[in-house]
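Engineer: Right, I'll just put the structure down here and ask away after.
The values are calculated or read from the model by the stated rules, or taken from the named source; none is laboratory data. Owing to the predicted nature of the structure, the values given are computational and were not obtained by experimental measurement. With ideal geometry, Cβ positions are generated from the backbone for all residues, glycine too; neighbour counts draw on all protein chains shown.
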Amino acid sequence: MGVIKRQGIKQSLVNYLAVIVGAISTLFIYPLDTETVGLARFLIDGALFLGPFLMLGFNGVGIRFFPYFKDEANGHRGFLSLLLSGVLLGCLIFVALVMIFRESILDFYADKPPVYLKYLPYFIPLAILMAFIQLLTSWSANFKRIVVPSVFQNLIKLTLPTLVLLFYWQQIALSQVVQGILLNFVLVFLGLVVYIYYLGQLKLKPLVKQWDRKVLRDAGKYAVFGLFVGIGHVLALRIDSIMIATYIDLSSNGVYTIAAFIGNAIAIPTNAVNQITAPIVAEAFRDKDHLKIKQLYQQSSINLLVVGLLIFVGVVVSVDDLFALMPKSAGLQAGILVVVFIGFSKVVDMGTSINNQIINYSPYYRFGFYAILLMAVFNVGFNYLLIQRMGIIGVALATMCSLALYNLIKLLFIWYRLNMQPFTRSTLYTLGVACLSFMLAFWLPDTGYALLNIVLRSIVVLVSYVGLVLYFRLAPDVSEVVQQLWVRITGRR
C-alpha cells in the first residue's frame, strides 16, 4: 500500500483543499445566484456526460493494456498515439452526429427559455476537451502520478465561484461566464500536456507494426465494452443535473448542485484510491496475483469507510445548521435531504471499495457492462418517475437506491467469481463507532446559534469517532498516517 498511500494521501489533501474552497463557494457564493450555477453545472455535467461517447472506450484501454505495451526505451511502442487517435476519431464522429441531428436537438429545447439554445453549442468544445483531459489523466496514472492532474482538474473550483461573483456584481455578462468555463478547461488540457511532457511520457511515437495481434484484438473488444460501460456509467451517475435542468429549471439545478457538493465531498478519497489502484490491479491480474488484489480490496475498503463515515456523520449531524448559514437559505431547504441521500450513497460506494477496478481489469470485465446497464436503466427510470413527484429530493433518492443496488450486484459477483469480498471484522466495528458518534453529537442541545452548533457537534464527532478508531486500530493505514503526522508535529513517538 506504500505508493497507494502516498499518492492517495497527497491527492486527498489536494482535493480537501479544493473542498474548503468549494465549501466557501457553496455556503456563501452559489446561493446568491442559483440559476447561473445551474447553467454552469448543466454545461459541465453535460460535457462529462458526453465524454464516454467521444472516448470510444479508449480511456479504459489506456490502463487495462498498458502493462502489455510498457516499453520506456521505445516510447511504449506508440501506445499513446493509438489512444489519442481513437479519441480523435470519437470526437469527429460526435461532431458529425451533432451536425446531422442539429435540428432535432434544437427542437427538443425549443420550449425552454432562450438561455438553453444560446449556450448549447458550448457542449461541443467542452465535451472534446473533457475527453482528452480524461484520457491524459488516466495516462498519467499509469506512472503513479495522480496528484498534479488532480490540481488541474480542481481548477474549476476556483474559476466557477469567481465567475459567479463577477456576474452577480454585474462586472461580466452571462456569456463571459460560459466563456470563462471553456477557458478553464482549455488551461487544464494544456497543463496536462505540459506535465506529461515534463514526466518524459509524452511519447508521440509513430504506431509500430510489432504489436501482438492477439493483444490488439483483445484491446479492441475491451474498447467496445468500455464504450458501453462508459455510456451506462454516465446514464447512471451523470444524468441527474441534465434531467433537473431539462425537466424542472436551472435554479433547481443550482440548488441540487449546492447540496450534491456537500454530499459528494464525502467521497473525495475514493477518487485518489481508484486512480492509483487501477494500474496496480491491472498488473496483478496480468500476473495472476489474486492475493495482492484481495489485500488491496480489503485495505482500501476499511480505509475508505473509516474516512467516509467520519465525514458523513459530521455532515449529517450539522446539515440543518449548514443550510441555515447560507444566504437565501429559505429557498434551499429541499437540499437538506439531498445531502443525506447523496452522502449515504457515497458511503456505500466507499465501503465496497475498488470493485469497479477489480471487475473492469479482470477476465470478467464484460460483467461490468451488464451491471452498469442495469443501474442506468434503474436510475433513469426512477429519476423520471420521482422527479415529477418529489423534485430534486426524488433525484437524490433515485441515485442512492440505484448506486446501492449497483454496488451490491458487483460485490456478490466478485465474491462468487473470485472468492473475495472487502469486509472484515473491523468493518462492523467501524459502523458501530459511527453510530455511537452520531448519537452523541445528535443528542447535544441546540444552542440557538448555527455556527456554534456545528463547531460543538464536529468536536464531539471528531473526538469520539477518531479516538475509538485509533484506540482499536480499526484501520492500520489510517493509524499509521496519524502517528506519522503526530511525530512530525510534536517530534515525539
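Engineer: Of these, VAL95, VAL87, which one is part of a helix (DSSP H, G or I), without any contact (Cβ under 8 Å) to a residue 60 or more places away in the chain and either closer than 15 Å to LEU136 by Cα or among the polar types (S, T, N, Q) (or both)? Please lay out each step first, then the result.
Structural biologist: Numbers: VAL95 fails: either closer than 15 Å to LEU136 by Cα or among the polar types (S, T, N, Q) (or both).
None of the others qualify; the one that does is VAL87.
Engineer: Now, a different point. Go through the residues of region 139-154 one by one and say whether even a single one is over 20 Å from LEU48 (Cα atoms) and without any contact (Cβ under 8 Å) to a residue 12 or more places away in the chain.
Structural biologist: No.
Engineer: Taking the options ARG425, ARG473, ARG488, name whichever one is charged (D, E, K, R) and either closer than 25 Å to SER345 by Cβ or touching a residue at least 40 places away in the same chain (Cβ under 8 Å) (or both). Please lay out each step first, then the result.
Structural biologist: Values: ARG473 fails: either closer than 25 Å to SER345 by Cβ or touching a residue at least 40 places away in the same chain (Cβ under 8 Å) (or both); ARG488 fails: either closer than 25 Å to SER345 by Cβ or touching a residue at least 40 places away in the same chain (Cβ under 8 Å) (or both).
Matching residue, one of ARG425, ARG473, ARG488: ARG425.
Engineer: Within region 480-492, is there a residue that is among the basic types (Lys, Arg), surrounded by 17 or more Cβ atoms within 10 Å (Cβ to Cβ) and in a helix (DSSP H, G or I)?
Structural biologist: Taking region 480-492 as the starting set, the residues that turn out to be among the basic types (Lys, Arg) are 488, 492.
Then drop every residue that is not surrounded by 17 or more Cβ atoms within 10 Å (Cβ to Cβ), which leaves none.
No, the conditions are met nowhere in region 480-492.
Engineer: Take region 134-151 and flag every residue that is of a type in the set (S, T, N, Q) and not in a helix (DSSP H, G or I).
Structural biologist: Just the residues of region 134-151 that are of a type in the set (S, T, N, Q), to begin with: 134, 137-138, 140, 142, 150.
Of everything in region 134-151, just one residue is of a type in the set (S, T, N, Q) and not in a helix (DSSP H, G or I), namely ASN142.
Engineer: Which one of these is in contact with a Ser or Thr (Cβ under 6 Å, 6 or more places away or on another chain) and in a helix (DSSP H, G or I): PHE382, PHE344, PHE369, PHE378? Show your work before the answer.
Structural biologist: Values: PHE382 fails: in contact with a Ser or Thr (Cβ under 6 Å, 6 or more places away or on another chain); PHE344 fails: in contact with a Ser or Thr (Cβ under 6 Å, 6 or more places away or on another chain); PHE369 fails: in contact with a Ser or Thr (Cβ under 6 Å, 6 or more places away or on another chain).
Sole residue among the options that is in contact with a Ser or Thr (Cβ under 6 Å, 6 or more places away or on another chain) and in a helix (DSSP H, G or I): PHE378.
Engineer: Kindly list the number of the only condition in (1) closer than 30 Å to PHE66 by Cβ; (2) surrounded by fewer than 19 Cβ atoms within 10 Å (Cβ to Cβ); (3) within 22 Å of the chain's Cα centre (by Cα) that fails for LEU182.
Structural biologist: Unmet condition: (1).
Engineer: Just wondering, is there one or more residues in region 220-243 that are free of Cβ contacts under 8 Å to residues at least 60 places away in the same chain and either surrounded by fewer than 16 Cβ atoms within 10 Å (Cβ to Cβ) or farther than 17 Å from ASN59 by Cα (or both)? Working first, answer last.
Structural biologist: Looking only at region 220-243, we keep the residues that are free of Cβ contacts under 8 Å to residues at least 60 places away in the same chain, and these are 220-221.
Filter once more, keeping what is either surrounded by fewer than 16 Cβ atoms within 10 Å (Cβ to Cβ) or farther than 17 Å from ASN59 by Cα (or both): 220-221.
The answer is yes, given that some residue of region 220-243 is free of Cβ contacts under 8 Å to residues at least 60 places away in the same chain and either surrounded by fewer than 16 Cβ atoms within 10 Å (Cβ to Cβ) or farther than 17 Å from ASN59 by Cα (or both).
Engineer: Quick one: how many residues across region 286-308 are surrounded by fewer than 22 Cβ atoms within 10 Å (Cβ to Cβ), within 23 Å of TRP139 (Cβ to Cβ) and in contact (Cβ under 8 Å) with a residue 60 or more places away in the chain?
Structural biologist: 1
Engineer: Return the residues of region 396-447 that are closer than 28 Å to ARG473 by Cβ, of a type in the set (Phe, Trp, Tyr) and in a helix (DSSP H, G or I); say none if nothing qualifies.
Structural biologist: TRP415, TYR429, PHE438, PHE442
Engineer: On the basis of being in contact with a helix residue (DSSP H, G or I) (Cβ under 7 Å, 6 or more places away or on another chain), of a type in the set (Phe, Trp, Tyr) and crowded, with 20+ Cβ neighbours inside 10 Å, does PHE143 make the cut?
Structural biologist: Details: in contact with a helix residue (DSSP H, G or I) (Cβ under 7 Å, 6 or more places away or on another chain): yes; of a type in the set (Phe, Trp, Tyr): yes; crowded, with 20+ Cβ neighbours inside 10 Å: no.
Criteria not met by PHE143.
Engineer: Still on this structure, please answer the following. Does LYS203 satisfy the criteria of being at pLDDT below 80, surrounded by 17 or more Cβ atoms within 10 Å (Cβ to Cβ) and not in a helix (DSSP H, G or I)? Give the steps one after another, and end with the answer.
Structural biologist: Values: at pLDDT below 80: yes; surrounded by 17 or more Cβ atoms within 10 Å (Cβ to Cβ): yes; not in a helix (DSSP H, G or I): yes.
In short, yes.
Engineer: Also, quick follow-up: Six or more apart or on different chains, Cβ atoms under 9 Å: show the pairs whose first residue is in region 99-119 and part of a helix (DSSP H, G or I) and whose second is aromatic (Phe, Trp, Tyr) and surrounded by 11 or more Cβ atoms within 10 Å (Cβ to Cβ).
Structural biologist: Final answer for the pair search is TYR116/PHE42; TYR116/TYR109; LEU117/TYR109; TYR119/PHE42.
Engineer: Give the residue, chosen from LYS205, LYS214, that is among the basic types (Lys, Arg), out of contact with any Pro (no Cβ under 6 Å at 6 or more places or on another chain) and in contact (Cβ under 8 Å) with a residue 60 or more places away in the chain.
Structural biologist: Values: LYS214 fails: in contact (Cβ under 8 Å) with a residue 60 or more places away in the chain.
Going through LYS205, LYS214 in turn, the sole match is LYS205.
Engineer: Tell me, please, whether a residue that is among the polar types (S, T, N, Q), under 30 Å from VAL463 (Cβ atoms) and in contact (Cβ under 8 Å) with a residue 60 or more places away in the chain can be found in region 347-367.
Structural biologist: Narrowing region 347-367 to residues among the polar types (S, T, N, Q): 352-353, 355-357, 360, 362.
After this cut, where a residue has to be under 30 Å from VAL463 (Cβ atoms) as well, the list is 352-353.
Filter once more, keeping what is in contact (Cβ under 8 Å) with a residue 60 or more places away in the chain: 352-353.
Yes, some residue in region 347-367 is among the polar types (S, T, N, Q), under 30 Å from VAL463 (Cβ atoms) and in contact (Cβ under 8 Å) with a residue 60 or more places away in the chain.
Conditions (1) hydrophobic (A, V, I, L, M, F, W, C); (2) under 18 Å from the mean Cα position of the chain (by Cα), marked per residue:
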{"residue": "PHE369", "(1), (2)": "yes, no"}
{"residue": "ALA376", "(1), (2)": "yes, yes"}
{"residue": "ASN383", "(1), (2)": "no, no"}
{"residue": "LEU386", "(1), (2)": "yes, no"}
{"residue": "GLY394", "(1), (2)": "no, no"}
{"residue": "TYR406", "(1), (2)": "no, yes"}
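Engineer: Could you please find all residues in region 373-407 being without any contact (Cβ under 8 Å) to a residue 40 or more places away in the chain and more than 30 Å from SER251 (Cβ to Cβ)?
Structural biologist: LEU374, LEU405
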